[in-house]
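The values are calculated or read from the model by the stated rules, or taken from the named source; none is laboratory data. Everything numeric here is computed off the predicted structure, so don't read it as measured data. Neighbour counts run over all protein chains shown; Cβ positions are idealised from the backbone, glycine included. We work out accessible area using only protein heavy atoms, side chains counted, and drop any ligands, DNA or RNA first. Shrake-Rupley method; radii C 1.70, N 1.55, O 1.52, S 1.80 Å.
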Amino acid sequence: MATRSIILSGCRTLSLLLVGFRMSAQDTAGVGAVSGTLHDLAGKPVPDAKVCLQASDRCTVSSDKGTFRLTDLRAGQYKLVITVTGQPPITSPALEIRAGLEATLDLDLPRLDALQQSITVAESAFAPTEELKTSAFLVQRYEIFKAAGAQQDVSRYVQTLPGVGIGTNDFRNDLIVRGGSPLENLFVVDNVEIPNINNFANFASAGGTTTLLDADLIRDVNFLTGGYPAPFVNRTSSVLQISQREGSREAFSGRLSVGSSGAGGIFEGPIRKNKGSWIVSAKRSFIDAFTKDIGIGGVPVNYNFNTKALYDLSPRDRIWAVNISGFDRIRLGATDKKPSSDPDRSPDLDLLDIRYNGWRSASGFNWQRLYGSSGVGLLGVTHSEGNVRQTVKDLFRFGLTAPTATELIAKSPILFRENNHEAETTLKYDLTVYLPVLEKLQAGGNFKTFRVRYDTQQPFGQDNPYSPTKDLNPFSLLKSATAYQASAYVQSTINLNSRLNITWGGRFDNYQAISKNRVSPRLGLSYRLTNKLSARASYGIFYQQPLLLFVQAFPQNRGLNPIRATHTVAGLVWQFSPTMRASVEGYQKLYSNYQVSTQFPSFSLANAGDTFAVTDILLPYASAGRGRVRGLEFMVEKKFRDRWYGQTNLSLSKTRHAGLDGILRPGTYDYPVIFNALGGYQLTKKWDVSARFVYLAGKPYTPFNEPLSRLQRRGIFDLANINALRAPDYARLDIRADRTFTVRGKPLLVFIGVQNVTNRRNTSRASWDRAKGEVRFNRQLGLFPLIGLDWRF
């Protein structure tokens, strides 16, 4: 284990250096832990030493092997007091505890008569976990904030982790996890569930263009990609769990930033000295200050706000409140200017008029209570709301003409219109206790209320590319509804012996909107083969309620079942050093009851979700789809230490989905090979550099029936070759450099980067050019420079 030496002189004080954290249990109660091993200067373990948190009753005693562990600690700064029989106490400086993480220390204690001793302290970033047996990744703030190509967007950084692919194009930040649709991911921020953490989102997708979250407020991210435990509300692909940092408890401070995602500021300060804190972030895009059209017929405008306040009512009681909000608008389509000759421009863009206005907000209040040394409870009340207003006009479909685009837009009827509103209120409680036999027991439940108001019209029907029949599914939906979901879970984590740890449990979910109940068993185990090598495995059944917009759109959709996914995962983890590990995992996901079109036998909703075009997937469905994803993932990762960090991973997988016809075909998100390599290096205290390379084997696509498409003047798929062809492989290299200056005694960070530095023309997807009657392959983002600054004051 790597170590750091600290010199003590004439005192009995233990100095701690922290170099990382390991992922602990999933953060259901907002607490962390600290563990370690005590040695004397001869390297022998120190048993029966009392280890306490200063000024508290949280204590434990080291084992015969010198090991100790304190659990269920509130996030914050603590000091350890270590007392060895016959010696005075040793007090450490402040140790930071983070929610959902465990600090692991290796301590060599000084002799009683020592006036000067070298104290060795080391910490592991990747010790074996408890509940999170497989497919769990810890991401820290500096990785998101400084990584090349991430644009300080947590979702874009997560796209570089094993088994995660990109969606339709580089302009979206959808998460494609182990072949699953973007609709299958759960987002949790400080115990607040958020339906979508992105700008320019709709109710038929979980992605967008940029994140609502300010990267500088993020403390840690836990990303779970399979076999995750029972406490999480069911999603069939992943859980992205984010902990935000506290504001300063010492004094008022702030920072100003300008970058590709906009300009903004952060302000923070204490709420009574050492009792609490507050922090506020506000950011706005600013491209519209320079132009009204960036070549798409308009310019995106968005405002984002993040707030958090925390207060310690007592040594046992803590409360905090969180709000994440975003407002956005954009206009796309034809203008009176001459149509662009850019070959990368979407061929349909000059034939449409799209106007979008949206907002979304999620708030939560949490009360955490420590029950002595026996457990912790967390009560949460959360509320999220969102609204999307959108109109779509097709300037080509009806054969109308006018001297200018403005006049043609005025004459053209609305093809699709929506003014939809969704709200979700959740009351939840999570309890962790320690009991004989069951050891660590976690139990909890929640009750959700959904209130929706849908005002959606598609008066002329839809020209779906899966059908040679035009004008399908005209509808007008004007409905308000209330639905409920009740859930409960229980799980236990037990050490069966010194090497084998098992987590077992399950959850129950009642989906009132579709009148269905489901029980989901979970099982996970880890076995320590050696001190550096462990075997892990997990199994679970996961259910996910159909989107309420789809349930309400067509009468037959109200009989849909929850999607079911069965996860089986197994692998090995090697711990090379405190900050470096390697892993290999194999997995299988079996899908059933997936929503599939009753009109187009080959179409499954599993192949959709990374689109702004809601009308393309708003269809009558049946719960008759099945799918299978199998894969193997390799990863080597090093957290920041000795001036550098990095990770590289290789994912091999095969994704197959079937529609109503029952034929398993390559899924839209079937990337057989995904390779990522990224890292950063601190050249000096003022200079940092980072780079990222990503490669994805070509994704499947369906060719067009060209004669029929020309005849009907619209794209119609060749239904005999659904997802039978593959786009060219995707590859991209991003670089970034950071330089820190000092302005008025405060640090000013200036960064410059280039995305796709080789200007490789990656293919997005095949589309049909209605004006020219030919196939076009849309291009991804070319060489794209980024620049920004961040000034703390």
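As a summary of the residue check, GLY265 satisfies the conditions (1) under 27 Å from GLY753 (Cβ atoms); (2) modelled with pLDDT of 95 or more; (3) in contact with a Phe, Trp or Tyr (Cβ under 9 Å, 6 or more places away or on another chain) except for the one numbered (3). Residues in the range 706-721 that are open to solvent by 90 Å² or more (accessible area, probe 1.4 Å), in a helix (DSSP H, G or I) and either of a type in the set (Phe, Trp, Tyr) or under 18 Å from ARG397 (Cβ atoms) (or both): ARG710, LEU711. For VAL551, the stated conditions hold: it is buried (at least 18 other Cβ atoms within 10 Å of the Cβ) and out of contact with any strand residue (DSSP E or B) (no Cβ under 8 Å at 6 or more places or on another chain). Can you spot a residue in the range 287-299 that is part of a loop (DSSP other than H, G, I, E, B) and either touching a His at 6+ places or on another chain (Cβ under 6 Å) or under 25 Å from ARG369 (Cα atoms) (or both)? No, the conditions are met nowhere in the range 287-299. When each of THR655, THR702, THR648, THR668 is tested for being β-branched (Val, Ile, Thr) and surrounded by fewer than 19 Cβ atoms within 10 Å (Cβ to Cβ), the lone residue that passes is THR648. Restricting ASP610, ASP616, ASP642 to residues that are closer than 30 Å to LEU349 by Cβ and either without any contact (Cβ under 8 Å) to a residue 24 or more places away in the chain or open to solvent by 40 Å² or more (accessible area, probe 1.4 Å) (or both) narrows the list to ASP616. Within the range 416-427, being without any contact (Cβ under 8 Å) to a residue 60 or more places away in the chain and of a type outside the set (Val, Ile, Thr) holds for ARG417, ASN419, HIS421, ALA423, LEU427. Checked against (1) within 34 Å of the chain's Cα centre (by Cα); (2) surrounded by 17 or more Cβ atoms within 10 Å (Cβ to Cβ); (3) not acidic (Asp, Glu); (4) not in a loop (DSSP other than H, G, I, E, B), LEU408 meets all criteria but (1). Test SER592 against the criterion of being assigned to a strand (DSSP E or B), surrounded by 19 or more Cβ atoms within 10 Å (Cβ to Cβ), touching a strand residue (DSSP E or B) at 6+ places or on another chain (Cβ under 7 Å) and among the polar types (S, T, N, Q), and give yes or no. Here the answer is no, as SER592 does not meet what is asked. Before we move on, is ALA766 surrounded by 15 or more Cβ atoms within 10 Å (Cβ to Cβ), over 28 Å from LEU351 (Cβ atoms) and not acidic (Asp, Glu)? So ALA766 does not fit the description; no.
Applying the selection to the range 421-459, what residues are of a type in the set (S, T, N, Q) and over 22 Å from LEU523 (Cα atoms)? Across the range 421-459, the qualifying residues are THR425, THR426, THR449, THR456, GLN457, GLN458. State which residue is nearest to ALA201 (Cα to Cα) when the search covers only the range 370-405 and only residues that are open to solvent by less than 40 Å² (accessible area, probe 1.4 Å) and assigned to a loop (DSSP other than H, G, I, E, B). By that ranking, first place goes to LEU395.
Yes or no, residue by residue, for (1) more than 28 Å from THR335 (Cβ to Cβ); (2) under 29 Å from the mean Cα position of the chain (by Cα); (3) open to solvent by less than 40 Å² (accessible area, probe 1.4 Å); (4) modelled with pLDDT of 90 or more:
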residue	(1), (2), (3), (4)
SER257	yes, yes, yes, yes
SER260	no, yes, no, no
GLY269	yes, yes, yes, yes
ILE279	yes, yes, yes, yes
PHE286	no, yes, no, no
PHE290	no, no, no, no
ASP293	no, no, yes, no
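The residues in the range 756-777 that are among the hydrophobic types (A, V, I, L, M, F, W, C) and over 13 Å from LEU708 (Cα atoms) can be counted, and the count is 4.
Look at the range 30-58: where a residue is farther than 10 Å from PHE68 by Cβ and touching a residue at least 40 places away in the same chain (Cβ under 8 Å), no partner that is in a loop (DSSP other than H, G, I, E, B) and among the aromatic types (Phe, Trp, Tyr) sits 6+ places away or on another chain with Cβ atoms under 7 Å. Looking at the range 734-760 only, could you name the residues that are within 16 Å of ILE166 (Cα to Cα) and either open to solvent by 60 Å² or more (accessible area, probe 1.4 Å) or not in a strand (DSSP E or B) (or both)? Residue satisfying the conditions is ASN756 alone.
Remark: pairs (first residue in the range 486-510, outside any strand (DSSP E or B); second residue open to solvent by less than 80 Å² (accessible area, probe 1.4 Å); Cβ separation under 8 Å; 6+ apart in sequence or on different chains) = LEU496/ILE502; SER498/ARG528; ARG499/ARG528; ARG499/LEU529. In the range 696-721, the residues that are in contact (Cβ under 8 Å) with a residue 12 or more places away in the chain form Cβ pairs under 7 Å with partners that are acidic (Asp, Glu) and open to solvent by 20 Å² or more (accessible area, probe 1.4 Å), at six or more places apart or across chains, as follows: LEU696/ASP729; ALA697/ASP729; GLY698/ASP729; THR702/ASP718; PRO703/ASP718; PHE704/ASP718; ASN705/ASP718; ARG714/ASP463. Going by the conditions given, is TYR681 without any contact (Cβ under 8 Å) to a residue 60 or more places away in the chain and open to solvent by 40 Å² or more (accessible area, probe 1.4 Å)? Spelling it out, TYR681 is indeed without any contact (Cβ under 8 Å) to a residue 60 or more places away in the chain and open to solvent by 40 Å² or more (accessible area, probe 1.4 Å).
Residue-wise test of (1) modelled with pLDDT of 75 or more; (2) part of a loop (DSSP other than H, G, I, E, B); (3) open to solvent by 10 Å² or more (accessible area, probe 1.4 Å); (4) closer than 30 Å to LEU224 by Cα.
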residue	(1), (2), (3), (4)
ASP48	yes, yes, yes, no
SER63	yes, yes, yes, no
PRO88	yes, yes, yes, no
GLU96	yes, no, yes, yes
ASP113	no, yes, yes, no
GLU130	yes, yes, yes, yes
